[in-house]
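Enquirer: Quick one: the structure is below, and I'll ask about it shortly.
The values are calculated or read from the model by the stated rules, or taken from the named source; none is laboratory data. All values derive from a computational prediction rather than experimental measurement. Every residue, glycine as well, gets a Cβ built from its backbone with ideal geometry; the counts of neighbours run over all protein chains shown.
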Amino acid sequence: MSGDGQGRLFLKAFLVAVTGYVLLYGGIQWRRSRLGPWRVEFTQNDNGRAMLRIDQPRLGITNQQVVFNVAATPVNTAAMTFEDPRPLPFEVPYGQCIFMDTTFLPGSVTLRLFGHTVEMLPRTLIIDKQEYPWRAKAAVNVGQ
């Protein structure tokens, strides 16, 4: 095989490898992010109690509420999306985020708020090691 033939063979192999890499990388990135992140609104209910409003529309989770038996300090409503990795723990309104795995969104997020642990997993909501099914427009009362 001449040097010219080897060059063409190398170029073809290189182009196949680059094309395969781009397609696989794009596919993995699409699968990783297709469901989107958790959206959490830190707010208060009508009685002035601290409350989380959790949404993950692609999983059908909308307006799941977690109400704490703690008066919310005057706080403006703050919303966060848990999408990009950050050094842990980090501050969130009412407490800290102590675990976040966003490899495949929505991933798993664990918050420590008012001495309680709130874990958001795609299959269930866990509060203080007790599981609660995701229910739209439903409230879970904590500390009562």
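Enquirer: For the stretch 39-46, does any single residue satisfy the condition of being surrounded by 18 or more Cβ atoms within 10 Å (Cβ to Cβ) and of a type in the set (Lys, Arg)?
Expert: The answer is yes, given that some residue of the stretch 39-46 is surrounded by 18 or more Cβ atoms within 10 Å (Cβ to Cβ) and of a type in the set (Lys, Arg).
Enquirer: Assess whether residue 23 counts as being assigned to a helix (DSSP H, G or I) and at pLDDT 90 or above.
Expert: No, not satisfied.
Enquirer: Tell me yes or no: at least one residue of the stretch 34-57 is modelled with pLDDT of 90 or more, assigned by TED's automatic domain parsing to the domain that holds residue 101, in a helix (DSSP H, G or I) and within 24 Å of residue 122 (Cα to Cα).
Expert: The answer is yes; a qualifying residue exists.
Enquirer: Right, next: Starting from residues that are modelled with pLDDT under 95 and closer than 14 Å to residue 53 by Cα, keep the ones in the stretch 121-137 and report whichever is farthest from the chain's Cα centre (by Cα).
Expert: 137
Enquirer: Please find, within the stretch 66-85, the residue that is surrounded by the fewest Cβ atoms within 10 Å (Cβ to Cβ) out of those that are free of Cβ contacts under 8 Å to residues at least 24 places away in the same chain and within 18 Å of the chain's Cα centre (by Cα). Working first, answer last.
Expert: Step one: of the stretch 66-85, the residues free of Cβ contacts under 8 Å to residues at least 24 places away in the same chain are 71, 73-74, 76, 84-85.
Still in the list and also within 18 Å of the chain's Cα centre (by Cα): 84-85.
Numbers: 84: 8, 85: 11.
Of everything passing the filter in the stretch 66-85, 84 is surrounded by the fewest Cβ atoms within 10 Å (Cβ to Cβ).
Enquirer: Which condition number does residue 76 fail, the rest of (1) within 17 Å of residue 123 (Cβ to Cβ); (2) modelled with pLDDT under 90 being met?
Expert: Result: residue 76 passes all but (1).
Enquirer: Being at pLDDT 90 or above and closer than 23 Å to residue 141 by Cα is the filter here; which residues of the stretch 58-73 pass it? Please lay out each step first, then the result.
Expert: Step one: of the stretch 58-73, the residues at pLDDT 90 or above are 58-69.
Listed by number, the residues that qualify are 59, 60, 61, 62, 63, 64, 65, 66, 67, 68, 69.
Enquirer: Let me ask something additional. Could you identify the single residue in 91, 119 that is acidic (Asp, Glu), under 20 Å from residue 138 (Cβ atoms) and part of a strand (DSSP E or B)?
Expert: Matching residue, one of 91, 119: 119.
Yes or no, residue by residue, for (1) free of Cβ contacts under 8 Å to residues at least 24 places away in the same chain; (2) in contact with a strand residue (DSSP E or B) (Cβ under 8 Å, 6 or more places away or on another chain); (3) on the phi > 0 side of the Ramachandran plot:
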site: 52; (1), (2), (3): no, yes, no
site: 87; (1), (2), (3): yes, no, no
site: 96; (1), (2), (3): yes, yes, no
site: 106; (1), (2), (3): no, yes, no
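Enquirer: From the list 98, 126, which one is in contact with a Pro (Cβ under 7 Å, 6 or more places away or on another chain) and farther than 19 Å from residue 43 by Cα?
Expert: 98
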